[in-house]
Amino acid sequence: MGLSGKAAIVGFAEYQHERKYVGERKFYTEQWAELTALACADAGLLPDQIDGLVCSDIREAGMFVPATIAEYLGKPVNFAERVDLGGATAVGMVWRAAAAIELGICDVVVCALPGLPIPSNPIPQPVNEARYFQSSSASWGSPQAEFEIPYGNLAQNCGYAMIAQRYGAEYGYDPVAMAKLVVDQRSNGAKNPNAAFYNKPVTIDDVLNSKLIADPLRMLEIVMPVAGGGALILANEEVAKQCNHRPVRVAGFGEHLTIKTPTYAQDMVRTPVGPASAQAFAMAGFGAGDMDMAQIYDCYTITVLLTLEDAGFCGKGEGMAYLRDNDLTINGALPINTHGGQLSMGQAGGSGGMTQVVEAARQIMGRADDRQLAKHDLSYVSGTGGVMSEQSALILRGA
Amino acid sequence: MSSSFTKPVPTPTPVTQPFWDGLNAGQVRLQQCNPCGRWIHYPRNRCPSCLSADIDWHDVDGIGEVYTFTVTEQPTAPHFSDEVPQKLAVVELPQGVRLTTTLVNVAVSDIRVGMAVKPYFDALDADTTLLRYEPV
Ligand SMILES: [Zn+2]
C-alpha cells in the first residue's frame, strides 16, 4: 500500500517568526509568490518547472483558491489541491504532493502556508463578533453554533484543557513533566534564529509560574501567535537529482479524522494520530524506534504527550514518565522538535505545522547549523488540526 | 467585568427543535435510533451508527457524570468575560451520549471527573433554555 518513496522534498523557504512584526505587510498571494521564488532558488529549480500546487486558505479569496494562486504566480498546473486540515494541513500537503508526483501527473509541486500580516484595509470593515469564536463555526445549522458556542466551548484552549484533564483522571497528571517538555523544546528553539523565542530558554519554574489559562494548561504550554510562514518544493526522482540538496523522500504517510468537537470523541485520550502514524510507519517499513528525530505538532504540551503515546514512542499512560526520564533536546536519544517546536517558533496563523516539516527536511539535508543532529536520516513528523480531531503523520528519509 | 458582546444563543433547526422545546419545558429529551438502539446527541436526522432515519425522541432524567472539565482563567471569547472562571464540562449520560455544558452551584475546587451531576435548566428568556449541570 502507498508511496514507493520516490517523491522528495528538494527545497524550502521559511520566514523568520516574529512576535512583533515590523516588516512589510503582504497579501497571501504576494507571500505565495515570494515563498515560491525563495523555495525554487533554494532547491535550484526554475519557477517554470512548477506544474503542481497545494494550498490552504488565503485571505483574498474564499473560493477558487488554487486558481487564484496559479494565476498570480503565472504558473499553469496539472494538479491543484486546497487542504483544509488546520494544523494537519502541512503534513497533508506533503503526501498529496508526493502522491500526485508518483502518479506521474506532475513533476514539481509547491506547497506554501503564508502567515505574515496583510496590509491594513483603507476602507474600515464592520466588526464581526463571530471572529472571536475562531475555528468554531457560528453558522446557523452548525452543531457548534447550537451545542458548543452558547456554553463557551469554543476555539482551542478549553478543548485541549479538557482532554488534558481527562488524561489526568485516567493516567495521572504531572505538571513538572509537562514543564520539562517546554524547557527542552525551548532549549532547542534557543538555537534557532527563525524562532520567535531565539536565545530565550526557560526554566521549569518559569513554566509552572506562568499564567493559568484553562486548567491545567498554562501560558508557556500554549503556542504564541506570531508572524511567519513557510513553503516546500517537492519533485520527482529525476528532478531531485539535479537539485542543490540531499532529497528528503516521502516514505510513508497517514491521516485520520474523527470529530470536530472533542466532546463527541469516542475516547478523548486515544487520538487520531494513532491510526495515522501506524499507517505511515507500515508504509515506510519502519517503526517508532528507528526514528532519528520526531517533529511533533505542538500547539499544546498535551498534544505532544498524546502523540508520543498514540504513535507508539512509548506505551499508553507512560507519556509523563517518558517526558521526565528522557532528554528531549538535540542531545537526547530521540530529539523532539529540534527547531524548538511551535512552542519556540510561535504559531503563524494556519502555517504552524509547516515548521515541523521544514525542520525535518532541514535536518535530513544536514542544514540545521548549531542544532544539526549527527544522525539525520529518518524523521517522524506529525500534524494536528482542530482539537485533536484531524491528525496526520509522515515518515521522511534521506536518499 | 461585564461583556459588551452579545451572548451567542442557539438558533434551533427543524431537526433540533424538539430538544430545545424540551428544555423550555424543564425536560431533557434525547433521540434514540429504533433499528440499532443507539442513543444520539446532538440531535441528527440520521443515526450516526447505521444512518437510519427511524429515530424517536424520549424523555430522560438527564442525570450523568462529569467526563471531563476545565476551569478557565481567561474567557474563551470576550462574550464570556462576565462568566470567568468558566466551569466548562463534558457530561456523560448512562445512555452513552456526551454533551457539553457548564457547571453551576459548585465550587471550583470541588469539581472532579466522575462526579454525579443533574440538569439545571437555565432559562435565558421565554424562547431559550440552556442545559447546565449541578452536583446531585
Ligand atoms: Zn442506528
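The values are calculated or read from the model by the stated rules, or taken from the named source; none is laboratory data. All of these numbers come straight from a predicted model, not from anything done at the bench. Methodologically, a virtual Cβ is constructed for each residue, glycine included, from the backbone with ideal geometry; neighbour enumeration extends over all protein chains shown. In case anyone asks, the SASA skips ligands and DNA or RNA and just uses the protein heavy atoms, side chains included. Shrake-Rupley method; radii C 1.70, N 1.55, O 1.52, S 1.80 Å.
A few comments on the model shown:
- Qualifying residue in the stretch B:38-46 (condition: within 16 Å of the ligand (Cβ to nearest atom), modelled with pLDDT of 95 or more, surrounded by fewer than 14 Cβ atoms within 10 Å (Cβ to Cβ) and closer than 25 Å to A:S136 by Cα): yes
Residue-by-condition table, conditions (1) surrounded by fewer than 16 Cβ atoms within 10 Å (Cβ to Cβ); (2) not β-branched (V, I, T):
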{"residue": "A:V127", "(1), (2)": "yes, no"}
{"residue": "A:Q144", "(1), (2)": "no, yes"}
{"residue": "A:P150", "(1), (2)": "no, yes"}
{"residue": "A:L181", "(1), (2)": "no, yes"}
{"residue": "A:Q185", "(1), (2)": "no, yes"}
{"residue": "A:N188", "(1), (2)": "no, yes"}
{"residue": "A:S210", "(1), (2)": "no, yes"}
{"residue": "A:V223", "(1), (2)": "no, no"}
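- Qualifying residue in the stretch A:240-257 (condition: among the small types (G, A, S), surrounded by 24 or more Cβ atoms within 10 Å (Cβ to Cβ) and closer than 28 Å to A:G168 by Cβ): yes
- Residue match in the stretch A:350-366 (condition: outside any helix (DSSP H, G or I) and within 30 Å of A:K260 (Cα to Cα)): no
- Test: B:A126 is outside any helix (DSSP H, G or I) and modelled with pLDDT of 95 or more: no
- When B:V60, B:V97, B:V91, B:V104 are screened for being open to solvent by less than 40 Å² (accessible area, probe 1.4 Å), in contact with a Leu (Cβ under 9 Å, 6 or more places away or on another chain) and away from every other protein chain (no Cβ under 11 Å), only B:V60 passes.
- The stretch B:23-72, residues that are out of contact with any helix residue (DSSP H, G or I) (no Cβ under 7 Å at 6 or more places or on another chain), polar (S, T, N, Q) and in a strand (DSSP E or B): B:Q31, B:Q32
- Considering A:I163, A:I101, the condition of being among the aliphatic types (A, V, I, L, M), within 14 Å of chain B (Cβ to nearest Cβ) and either outside any loop (DSSP other than H, G, I, E, B) or touching a Gly at 6+ places or on another chain (Cβ under 7 Å) (or both) is satisfied by A:I163 alone.
- Filtered residues of the stretch B:107-128 (kept if touching a residue at least 60 places away in the same chain (Cβ under 8 Å) and within 11 Å of another protein chain (Cβ to nearest Cβ)): B:L124, B:T128
- For the stretch A:195-242, the candidate set comprises residues that are in contact with an Asp or Glu (Cβ under 9 Å, 6 or more places away or on another chain) and assigned to a loop (DSSP other than H, G, I, E, B); within that set, the residue that is nearest to A:Q31 (Cα to Cα) is A:V226.
- Extreme residue, farthest from A:L103 (Cα to Cα), among residues of the stretch A:1-38 that are open to solvent by 60 Å² or more (accessible area, probe 1.4 Å) and either in contact (Cβ under 8 Å) with a residue 60 or more places away in the chain or in contact with a Cys (Cβ under 9 Å, 6 or more places away or on another chain) (or both): A:R19
- Positions within the stretch B:8-17 being surrounded by fewer than 14 Cβ atoms within 10 Å (Cβ to Cβ) and either touching a strand residue (DSSP E or B) at 6+ places or on another chain (Cβ under 7 Å) or not polar (S, T, N, Q) (or both), in sequence order: B:P14
- Residue within the stretch A:129-137 that is more than 8 Å from chain B (Cβ to nearest Cβ), in a helix (DSSP H, G or I) and among the basic types (K, R) present: yes
- Cβ-Cβ contacts under 8 Å between residues 6 or more apart (or on different chains), taken from a first residue in the stretch A:75-103 that is more than 30 Å from A:T303 (Cβ to Cβ) to a second residue that is charged (D, E, K, R) and in a helix (DSSP H, G or I), are listed as A:K75/A:D48.
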